[in-house]
Amino acid sequence: MGFGGAVQGMISSIKNNARPKKNIFISRNKDHVNLHSAESNLKYKTVPENELKQIKSKIRANARKENRRIKIWVLIISIPILIAIYFLIQNRIDNFREEKRIEAIEKQNTIRKIEQAKEKKIIYLLKEGTKWVNKGHYKNAKTQYYKAYQIEQEDYRINYSNAKVYVLDCIENNVGCITAERMVKGLKEKYGGKDEILQLEQLLEQR
């Protein structure tokens, strides 16, 4: 009895497996056909020309607004940067000008100090020469005047004093008379007929 029941169950199972199964591929094809059919039944809305123009105009307007907004932001960002760059460059220019001004002042001060030192030295040598002239020591006076002449050859005071000591030495000691005449002539040609130059000339003529 038990064995027969088991056999009967196996037979039933085989029969069930032997039944044709539902074709999945066919089912999918049917679904695809149904979907395509549903899409074919869709109706697309046609936009009127006026409404389409309005949409385009709105898009363009929005684009212009966006461009303006971008430009405004660019200006907001760039203006402070440009101002900062301007002041930076201007500051450098001002500093450069100030440096040049200070440099020019320092140069002028240096030149003035050199000129003052030179003038001080010339005055000292002229005074020393005059002291020796007053003592009648013309050789020593010539040495002092020559030192002054080496500092500044175009100084009238030096050239006159030098010519004067040669004239005096010529008159009193008959020394260097040719040089004295040449120096007085040079003074007259260079500085004109000043009274003190003419006096030296007369002294030489009367000796």
Report summary line: Residue pairs within 8 Å by beta carbon, gap of at least six or interchain, first lying in segment 156-173 and at positive phi, second among the acidic types (Asp, Glu) and not in a helix (DSSP H, G or I), listed first then second, are none
Query raised in the report: Does LYS113 meet the test of being touching a helix residue (DSSP H, G or I) at 6+ places or on another chain (Cβ under 7 Å), without any contact (Cβ under 8 Å) to a residue 60 or more places away in the chain and in a helix (DSSP H, G or I)?
Result: no
Report task. Sort through ILE171, ILE178, ILE89, ILE197 and tell me the only one that's more than 41 Å from the chain's Cα centre (by Cα), surrounded by fewer than 12 Cβ atoms within 10 Å (Cβ to Cβ) and not aromatic (Phe, Trp, Tyr). Result -> ILE178
Report task. Please determine, by comparing only the residues of segment 144-154 that are in contact (Cβ under 8 Å) with a residue 12 or more places away in the chain and in a helix (DSSP H, G or I), which one is nearest to the chain's Cα centre (by Cα). Result -> ILE151
Query raised in the report: Hey, does segment 122-138 have a residue that's part of a helix (DSSP H, G or I), surrounded by 10 or more Cβ atoms within 10 Å (Cβ to Cβ), out of contact with any helix residue (DSSP H, G or I) (no Cβ under 9 Å at 6 or more places or on another chain) and acidic (Asp, Glu)?
Result: no
Report summary line: Residue set GLN202, GLN144, GLN150, GLN108; condition buried (at least 20 other Cβ atoms within 10 Å of the Cβ), of a type outside the set (A, V, I, L, M) and either at pLDDT 95 or above or on the phi < 0 side of the Ramachandran plot (or both); output residue GLN144
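The values are calculated or read from the model by the stated rules, or taken from the named source; none is laboratory data. Values in this document were obtained by computation on a predicted structure and should not be read as measured data. Every residue, glycine among them, receives a Cβ derived from its backbone with ideal geometry; neighbour counts consider all protein chains shown.
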